[in-house]
Amino acid sequence: MMVAGAGSGKTTSLIKALAHLRETRGKALRRAGQQIACITYTEVAVGEISADVGVTPLFHISTIHSFLWSVVRSFQSDIAAWVVSRIEEKIAEKRAHYDKPGTRAATKMRLDQEIVGLEAELEAVGRVEKFTYGTGSRYSEGILGHDDILKLTPACVEKHHLLREIVARRFPYIFVDESQDTQPAVIQALRQIASEQPLCVGFFGDPMQKIYGTGAGAIELLPGWGEITKPENFRCPTSVLGVINAVRAPGDGLVQTRGRTVTVDGEEQSVVGTVNIFILPSDDQRTARLGAVRAWLAAQTGDGLWTSDMRDGDVRLLVLVHRMAAKRLGFASLYSALNDHAPQSLSEGIADGSAWPLRPFVQQLLPLIVASRAGDQFTIMSILRADSPCLEPERLRGQAVAPVLVALQHAIEQLATLLADGSAATARDVLRHVRDTELVALDDRFAAHLMDDPVDDGAEGFGNVAAFLECNVGELWAHRKYILEESPFATHHGVKGAQFERVLVVLDDEEASYNQYSYGKYLGYAPLSDTDKANIAEGKESVLDRTRRLFYVCCSRAVKDLAVVLFAADVAAARSAVVDAKLFPAASHHGVEQLG
Ligand SMILES: Nc1ncnc2c1ncn2[C@@H]1O[C@H](COP(=O)(O)OP(=O)(O)OP(=O)(O)O)[C@@H](O)[C@H]1O
């Protein structure tokens with residue numbers, strides 16, 4: 001088990017361990033048809049580690065979800081049994097709620113409906129031939145969601161000795177990066193396998209960087225396990241190291257040493273970098289002020305890239321929730337439509353564009369227009385060939401193709417007008433055009449929405465989809481920019497494991513409206529609630545611990561410059577709290593007056 005602070009080289013060590021195993025055991029493992037599993041937190045990390053160690057069948061590098069799914073996918077009858085018990089569990093929970101004294105009549109009615117829905121689902125899963133894994137669970141269609149996989153696999157591992165044997169035989173080495181955020185059930189499953197099978201498990205993590213409520217945090221050492229620590233930080237310049245050591249002090253008190261160095265004329269020199277914190281009013285000027293802070297940083301550090309929005313500018317503006325980025329980039333209504341009171345399958349699919357109402361825009365319609373603007377006929381034709389009903393071989397049989405292509409070309413031109421800059425068209429207008437011209441095939445679920453007077457058909461998230469279809473097409477383009485990572489925004493949670501030259505952390509409790517975290521409480525200018533006080537008194541995890549850890553992760557991403565922008569209603573109170581907190585040197589505190 002490797003436990004060490006930010007930037008200490010845990011992932012680097014993991015990669016070296018993989019390379020070492022390839023050299024020393026690779027041949028024998030390949031001969032035995034065995035693999036080394038490496039579990040990382042995000043797809044991005046999968047790509048990075050694969051690029052470093054090389055893509056070879058010897059390594060099975062994946063996210064936790066796809067690893068767990070690869071383990072369990074062929075146990076279809078066990079999956080079906082688990083799904084049945086899961087639905088029964090949900091029904092039992094709802095019945096218990098129903099029977100609770102004091103449950104209101106309206107709630108009882110809703111619970112009744114939900115129970116009927118679950119019973120229908122129970123019946124439908126009996127007809128599912130094969131379960132697969134997708135976004136958001138839809139059991140009756142045989143689709144399991146992310147959360148299901150995290151429960152299902154550990155449950156099957158616990159129950160079946162054979163499965164434990166198969167896992168250990170297929171993967172004699174399993175390494176887990178960011179282990180502090182791995183679910184306890186998964187850790188327990190790996191421990192169980194390791195305790196009875198020949199298996200080497202390696203956990204690489206930092207309890208101070210646990211940023212998900214579901215994470216295990218510190219992992220207890222079992223007899224025969226070894227712990228490795230690394231005292232140095234190789235990523236952050238010394239000024240940033242000073243800040244992150246101060247942030248960490250009340251957590252576990254770990255003080256990292258060294259900091260990033262560069263070799264100049266054969267001599268190793270420390271990199272100092274810069275740290276700055278701006279305390280600004282939380283008014284309607286936030287977006288403009290972020291721009292002004294970046295201009296100030298560019299001038300102060302003599303580094304013009306601070307104002308760059310290009311990827312290679314390597315600037316990241318870390319916001320707490322996607323909504324804040326959505327607001328700044330111009331897709332706030334789209335975000336609210338698919339997020340607020342929305343089913344998980346919609347809200348979870350905004351950040352990567354996989355929510356079903358977004359899919360035709362993300363995968364076909366906007367790419368068609370991008371290709372059309374670039375005169376890229378090849379891409380246009382490959383999208384149409386794959387997705388337009390007009391070009392299905394059945395339809396084309398005995399028909400001249402040329403007029404069909406002319407009609408499609410005409411349809412694309414009209415689509416381009418609807419999706420032009422400054423167009424007043426809505427997403428619904430675009431989809432009606434697509435439906436009428438059969439440019440691409442649309443999901444059946446759109447049909448009810450595209451009628452002249454749409455009537456709620458009771459489908460899950462109907463109101464959300466209706467609100468989404470009212471959005472202006474400009475929001476779709478802004479959203480595209482976000483998912484293609486063409487903007488400098490990222491979320492506080494999304495940058496785990498990454499590093500950037502220039503990091504600007506945005507702290508804004510008002511816009512985040514998230515009670516899990518509070519920078520006001522953390523810095524000491526917002527009052528603690530009674531629950532917070534009780535948690536602290538009982539030594540339970542509190543809002544202060546959670547916020548400190550998230551802040552630690554954000555600040556420790558900086559390779560050169562770190563800036564923090566704190567938006568607060570009472571700037572004077574926030575400023576004096578920042579002074580008292582002593583996280584940043586006094587000379588690095590700034591206010592709106594610095595921005596001209
Ligand atoms: N021994 C080393 N000497 C010099 N640089 C190193 C060493 N180990 C790691 N680094 C560099 O330090 C940086 C941080 O390394 P890495 O990402 O592996 O740390 P980490 O502990 O996984 O970080 P975190 O927990 O913050 O995500 C990288 O730029 C890496 O190349």
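The values are calculated or read from the model by the stated rules, or taken from the named source; none is laboratory data. Keep in mind that what you see is a predicted model, and the values were worked out from it rather than measured. Cβ: placed from backbone, ideal geometry, glycine included. Neighbour counts: every protein chain shown.
Across the stretch 250-291, the qualifying residues are those that are hydroxyl-bearing (Ser, Thr, Tyr) and away from the ligand (no atom under 16 Å from the Cβ), and the one among them that is surrounded by the fewest Cβ atoms within 10 Å (Cβ to Cβ) is Thr287. Among the residues here, Arg480 qualifies as touching a Gly at 6+ places or on another chain (Cβ under 9 Å) and closer than 22 Å to Glu348 by Cβ.
Looking only at residues in the stretch 386-416 that are part of a loop (DSSP other than H, G, I, E, B) and not polar (S, T, N, Q), the one that is surrounded by the fewest Cβ atoms within 10 Å (Cβ to Cβ) is Gly398. Selection within the stretch 365-381: residues that are more than 12 Å from Leu476 (Cβ to Cβ) and buried (at least 19 other Cβ atoms within 10 Å of the Cβ). The member of this set that is nearest to the chain's Cα centre (by Cα) is Leu368.
Filtered by the rule that a residue be touching a strand residue (DSSP E or B) at 6+ places or on another chain (Cβ under 7 Å) and surrounded by fewer than 16 Cβ atoms within 10 Å (Cβ to Cβ), the stretch 564-584 gives a lone residue, Val579.
The set of residues in the stretch 523-561 that are closer than 19 Å to His492 by Cβ and either surrounded by fewer than 17 Cβ atoms within 10 Å (Cβ to Cβ) or of a type in the set (Asp, Glu) (or both) comprises Glu541, Asp545, Asp561.
Mind checking whether some residue in the stretch 300-315 is surrounded by 21 or more Cβ atoms within 10 Å (Cβ to Cβ) and within 20 Å of the chain's Cα centre (by Cα)? Within the stretch 300-315 (the criterion being surrounded by 21 or more Cβ atoms within 10 Å (Cβ to Cβ) and within 20 Å of the chain's Cα centre (by Cα)), the answer is yes, since at least one residue qualifies.
Just so you know, in the stretch 1-36 the residues that are among the aliphatic types (A, V, I, L, M), in contact with a helix residue (DSSP H, G or I) (Cβ under 8 Å, 6 or more places away or on another chain) and without any contact (Cβ under 8 Å) to a residue 40 or more places away in the chain include one that is surrounded by the fewest Cβ atoms within 10 Å (Cβ to Cβ), and it is Ala19.
Can you name every residue in the stretch 212-233 that is within 14 Å of the ligand (Cβ to nearest atom) and closer than 27 Å to Ile36 by Cα?
Gly215, Ile228, Thr229, Lys230
Among residues of the stretch 485-503 that are within 20 Å of Leu241 (Cα to Cα) and polar (S, T, N, Q), those with a beta-carbon under 8 Å from a residue that is within 13 Å of the ligand (Cβ to nearest atom) and assigned to a strand (DSSP E or B) at least six positions away or on a different chain give the pairs Gln499/Ala558; Gln499/Val559.
Can you name the residue in the stretch 234-249 that is more than 15 Å from the ligand (Cβ to nearest atom) and among the hydrophobic types (A, V, I, L, M, F, W, C) and, of all such residues, is farthest from Tyr173 (Cα to Cα)?
Within the stretch 234-249, the match that is farthest from Tyr173 (Cα to Cα) is Ala246.
When the helices (runs of 4 or more DSSP H) confined to the stretch 37-108 are screened for residues that are among the aliphatic types (A, V, I, L, M) and free of Cβ contacts under 8 Å to residues at least 24 places away in the same chain, those reaching at least 3 such residues are found at 76-99. Residues in the stretch 231-249 that are under 21 Å from Cys554 (Cβ atoms), in contact (Cβ under 8 Å) with a residue 24 or more places away in the chain and either in contact with a strand residue (DSSP E or B) (Cβ under 9 Å, 6 or more places away or on another chain) or assigned by the TED database to the domain that holds Ser556 (or both): Glu232, Asn233, Phe234, Arg235, Cys236, Pro237, Thr238, Ser239, Val240, Gly242, Val243, Ile244.
Elements of the type helices (runs of 4 or more DSSP H) sitting completely within the stretch 141-199 and holding at least 1 residues that are closer than 24 Å to Lys10 by Cβ and within 22 Å of the chain's Cα centre (by Cα): these cover 146-159, 184-196.
Filtering the stretch 544-581 to residues that are assigned to a helix (DSSP H, G or I), within 16 Å of the ligand (Cβ to nearest atom) and farther than 28 Å from Ala534 by Cα leaves only Cys555. Taking every residue in the stretch 211-222 that is within 12 Å of Ser179 (Cβ to Cβ) and pairing it with any residue that is outside any loop (DSSP other than H, G, I, E, B) and among the aromatic types (Phe, Trp, Tyr), at least 6 positions away or on another chain, the pairs with Cβ-Cβ distances below 6 Å are Ile219/Phe203. Meeting the requirement of 2 or more residues that are surrounded by 17 or more Cβ atoms within 10 Å (Cβ to Cβ) and modelled with pLDDT under 90, the helices (runs of 4 or more DSSP H) wholly within the stretch 417-522 are 509-512.
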